[in-house]
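One structure is given here, and the rest of the page talks about it.
The values are calculated or read from the model by the stated rules, or taken from the named source; none is laboratory data. In this text, all values refer to a predicted model and were calculated from it rather than measured experimentally. Here the Cβ positions follow ideal geometry from the backbone for every residue, glycine too, while neighbour counts run over all protein chains shown. Note: accessible area is taken over every heavy atom of the protein model, side chains too, but ligands, DNA and RNA are not part of it. Shrake-Rupley method; radii C 1.70, N 1.55, O 1.52, S 1.80 Å.
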Amino acid sequence: MCELLGMSANVPTDICFSFKGLKERGGRTGPHRDGWGVAFYEGKGVCTFKDALPSYESEIARLVSDYPIKSCAVVAHIRQANRGRVSLQNTHPFTRELWGRYWTYAHNGQLHDYKDLPVARFQPVGTTDSERAFCYLMSELDKRYPNKPRSRKAAFRFLQKKAKTLQQLGVFNMLLTDGEYLLTYCTSKLHWITRRAPFGIARLSDVDVDIDFSRETTPKDVVTVIATEPLTLNEQWHKMQPGESQLFRYGEPI
């Protein structure tokens, strides 16, 4: 299985601390050696870093973990391949355009009978079940709303329903964002935590690193982090239940 990491924040925030923990699981404290990727949003633009090497050994991952790229929406992934060979085109996260916005997605799990999923114009580039499922979601969304909907929140509610369809094909833990909203869906394992004032000290579980968030934030900051497994030792994470979905907007659970 792979591992997911996402962030939704009300102010541009870097994910260096959380990514340091995730990076260790890509080959050192975990078996996810088959590539990694992370996407940062800046307004409608998205900047993506990917590497087919294990994140623990990747110089690009080391750069990302040390360089404070600030964003309000982030999706990251470390891969343990089960569908599709180890290659850059099979490395998450995946991005497609719809209604003049970039949509970015990452998946943890394994699906069966996925090759029959209709994708219309959203053709996969690689050969994973994950990317095929993403193309299916975008195709269904495009079909449901041939014109841009007035409410993107309604579009995400529609995606929640379609995620339940994919759950019937196997394990489908997912992150999906358009840069403003971030949707999570859990079928086996996913956790999240919302940090707000008063901020305290957090300690990573995979490497001896801690941070005092009170020195890095303002009292108005709201930052939600989503991960397959909790990344810190001394904080209370919300464990999602099978079939549970949660939508976030600028850090706040909706």
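Some values worked out for this structure:
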item	result
Scan of the stretch 79-100 for residues that are of a type in the set (Lys, Arg) and open to solvent by less than 30 Å² (accessible area, probe 1.4 Å), ordered by number	79
Qualifying residue in the stretch 95-105 (condition: under 27 Å from residue 181 (Cα atoms), touching a strand residue (DSSP E or B) at 6+ places or on another chain (Cβ under 6 Å) and not in a strand (DSSP E or B))	no
Residues satisfying the stated conditions in the stretch 24-38, i.e. more than 15 Å from the chain's Cα centre (by Cα) and farther than 24 Å from residue 216 by Cα	25, 26, 27, 28, 29, 30, 31, 32, 33, 34
Enumeration of residues in the stretch 116-166 that are of a type in the set (Val, Ile, Thr) and touching a Leu at 6+ places or on another chain (Cβ under 6 Å)	none
Single residue of the stretch 113-141 satisfying the filter (open to solvent by less than 40 Å² (accessible area, probe 1.4 Å) and of a type in the set (D, E, K, R)) that is farthest from the chain's Cα centre (by Cα)	140
Spans of strands (runs of 3 or more DSSP E) in the stretch 171-254 with at least 2 residues in contact with a helix residue (DSSP H, G or I) (Cβ under 6 Å, 6 or more places away or on another chain)	181-185, 245-249
Residue within the stretch 134-147 that is farther than 29 Å from residue 252 by Cβ and not in a helix (DSSP H, G or I) present	yes
Single match in 215, 249, 196 (criterion: at pLDDT 95 or above, under 27 Å from residue 66 (Cβ atoms) and open to solvent by 50 Å² or more (accessible area, probe 1.4 Å))	196
Residue satisfying all of: in the stretch 39-67; open to solvent by 50 Å² or more (accessible area, probe 1.4 Å) and among the aliphatic types (A, V, I, L, M); nearest to residue 221 (Cα to Cα) among these	63
Selected residue (criterion: farthest from residue 78 (Cα to Cα)) from residues of the stretch 142-168 that are in contact (Cβ under 8 Å) with a residue 40 or more places away in the chain, of a type outside the set (Gly, Ala, Ser) and buried (at least 20 other Cβ atoms within 10 Å of the Cβ)	156
Restricting the stretch 218-246 to residues that are more than 17 Å from the chain's Cα centre (by Cα) and among the polar types (S, T, N, Q), the residue that is surrounded by the most Cβ atoms within 10 Å (Cβ to Cβ)	232
Near pairs, Cβ below 9 angstrom, 6+ apart or cross-chain, from the stretch 24-38 (crowded, with 20+ Cβ neighbours inside 10 Å) to any residue that is basic (Lys, Arg) and in a strand (DSSP E or B)	35/50; 36/50; 37/50; 38/50
